[in-house]
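Have a look at the structure below before the remarks.
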Amino acid sequence: MNKDDAAPETRLIHTRAGRLGRVTVNPPVERASTVLFRDEAGLYGAKPTYGRMGLTVHRELEAALCELEGATSARLASNGLQACALALTSCVSSGDHILFPDCAYGPTARFCEQRLRATGVEAARYDPRIGAGIEALFKPNTKAVFIESPGSLTFEVADTPAIVAAAKARGILTICDNTWGAGLLHQPLALGADISVQALTKYVVGHADAFGGAVMTRDARLAARIAATSEEWGIGLAPDDAYLAVRGLRTLAVRLRAHEASGLEMAHWLAARPEVASVLHPALPAHPDHALWTRDFTGSNGLFGVVLNPVPDGGMERFFAALSLFGLGFSWGGFESLVIPCDQQLTRMKGSWTEGRAGPLLRLHIGLEAVTDLKTDLAAAFAALSAG
């Protein structure tokens, strides 16, 4: 069988890149800074010449990520934020202007508004539902548009093809944070985006035990710019983290199906609860961007938001104290269910989310536990919330 004709989950399992001689099921992990050569010609002519540039396991991870995202080049970083920063700075320089959505991941927004501005790059927010209207925000010096879909915490789905079309007409690059889509659920490069970025820490690693980031593209010139920026900054990924990301990719499809099924069941259950004002899950027909999600995504996962109705004094403290299965912690994409209160983070946003909500906003990650147990856990927390 031609592997190019195989399904994505098959190709992810059978990627065996850059191996010589005997092939093992898993790639070797070479923990080495120094690479030895037989002669001077090899020392200055071969690649890689140094462990930071990646060895066998890194090449296999890059090849698998290219299969996942439909890319021709993947560059690794030590975490998702570093990958976003690498993509952005590869596209702009002092005097340029970029746009990023108001719903962007907080550290990404901070990087745009503080670090990029400190280097002379103007960064401005846009409404994540702006679509083709983004053209009105372009300036003569606009060089890049950053897209995050669905939005961090608030789960707006961007009209990526419309934004991409408006940007391409002006020669502006587009970068999409595809961490929620994880490559299998969403393909920004196929929709015309120039760069796709992922925090491998989330669903790719899948076990809450390693960090990683990646920047993918189909454009050879962009790939060269990204590689040069990465080398200038000395960016790399530890071999053990690269191995854990490769391992996670082998089971990504089956894990995402489980997260999707449990997440949807929990979302529907929560939508029927009297304590809940709305559920922010793009796969639900009630979501305002459901039509865009249906058009551009092939599935969902376990991460979504919940807006509660007004809560009595002390209610949220009682809610969190009553939980026994849902952990109170950041990140997501692992096997465990998590919940965080989001109101403190919403203060960084400029749009309508800063006011006008019925009650507190929570972000839930539905893990791989039995859904009946997760419902029991949340039901107990809701009972405690109302007890006052």
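Which angle between 0 and 90 degrees, to the nearest 10, do you get for helix 80-91 versus the longest principal axis of the chain when only C-alpha atoms count? Computed tilt is about 60 degrees. Counting only residues at least eight positions apart within a chain, or on another chain, the aspartates and glutamates with an alpha carbon under 14 Å from that of K202 are D177, D241, E336. Remark: spin-label model distance E231-A7 equals 4.1 nm, labels positioned 7 Å along the Cα→Cβ axis. Compared with the alpha-carbon gap, the fully stretched path from H14 to T119 is longer by 33.5 nm at 0.36 nm per residue. Annotation: lysines with alpha-carbon distance below 28 angstrom to K47 (same-chain offsets under eight excluded): K3.
Inter-part distance, region 172-245 to region 260-280, computed on C-alpha centroids, equals 31 Å. Put a plus charge on the Cβ of each Lys and Arg, a minus charge on the Cβ of each Asp and Glu, and nothing anywhere else: the dipole of region 252-386 about its Cα centre is then about 260 debye. Taken as Cα centroids, region 24-66 and region 84-148 sit 34 Å apart, rounded to the nearest whole angstrom. Less than 17 Å apart at the alpha-carbon level, and either on another chain or at least 8 residues along: which aspartates and glutamates does that give for K168? Once the sequence-local aspartates and glutamates are set aside, what remains near K168 is D96, E135, D159, D194, D219. Cβ crowding within 10 Å ranks C84, C91 as C91, C84, fewest other Cβ atoms first.
Specify the angular offset, from 0 to 90 degrees and rounded to the nearest 10, of the alpha carbon long axis of helix 160-169 from the longest principal axis of the alpha carbons in the chain. Tilt of helix 160-169: around 50 degrees. Taking every alpha-carbon pair within region 252-386, the share separated by more than 22 Å comes to 36 percent.
A simple spin-label model places pseudo-atoms 7 Å from Cα toward Cβ; at L328 and A32 they are separated by 4.8 nm.
Please state the shape class of region 309-388: rounded when a/c is under 1.5, otherwise prolate if a/b exceeds b/c and oblate if not, all from the C-alpha gyration tensor. Note, shape of region 309-388 comes out oblate. Largest GNM mean-square fluctuation across G263, G171, G42, computed for the chain with C-alpha springs under 10 Å, falls on G42. When you count the other C-beta atoms within 10 angstrom of each residue and take the mean per peptide, 62-70, 326-334 line up highest first as 62-70, 326-334.
Among E232, E40, E60, the residue with the largest mean-square fluctuation in a Gaussian network model of the chain, with springs joining Cα atoms closer than 10 Å, is E40.
Per-residue ellipticity at 222 nm from helix content only, as computed over the chain with -39500 (n - 2.57) for each DSSP H run of at least four residues, stands at -10000 deg cm²/dmol. Considering only A272, P285, G334, and ranking their Cα positions along the charge dipole of region 252-386 that arises from unit charges at the beta-carbon of Lys, Arg, Asp and Glu, the one farthest toward the positive end is P285.
Relative to the longest principal Cα axis of the chain, at what angle does helix 220-233 sit, 0 to 90 degrees, rounded to 10? In the chain, helix 220-233 runs at an angle near 90 degrees to the longest axis. Fewest-first ordering of R115, R318 by other beta carbons within 10 Å of each residue's beta carbon gives R115, R318. Of the residues W180, G133, C112, the one whose Cα sits farthest towards the positive end of the charge dipole of region 59-205 is C112 (charges of +1 on Lys and Arg Cβ, -1 on Asp and Glu Cβ, taken about the Cα centre).
Overall, the chain carries a charge dipole of about 720 debye about its Cα centre when +1 sits on the Cβ of Lys and Arg and -1 on the Cβ of Asp and Glu, all other atoms neutral. Sorting W293, W180 by the number of Cβ atoms found within 10 Å of their own Cβ, with the fewest placed first, yields W293, W180. A full extension of the chain between E40 and V23 corresponds to an added length of 3.2 nm, given 0.36 nm per residue minus the alpha carbon distance.
A Cβ-based charge dipole, computed about the Cα centre of region 40-199 with Lys and Arg at +1 and Asp and Glu at -1, lands at about 380 debye.
Readers should treat all values here as calculations from the given coordinates under stated rules, not as data from a laboratory. All values derive from a computational prediction rather than experimental measurement. Positions of Cβ are generated from backbone atoms using ideal geometry, with glycine treated the same way; all protein chains shown enter the neighbour counts.
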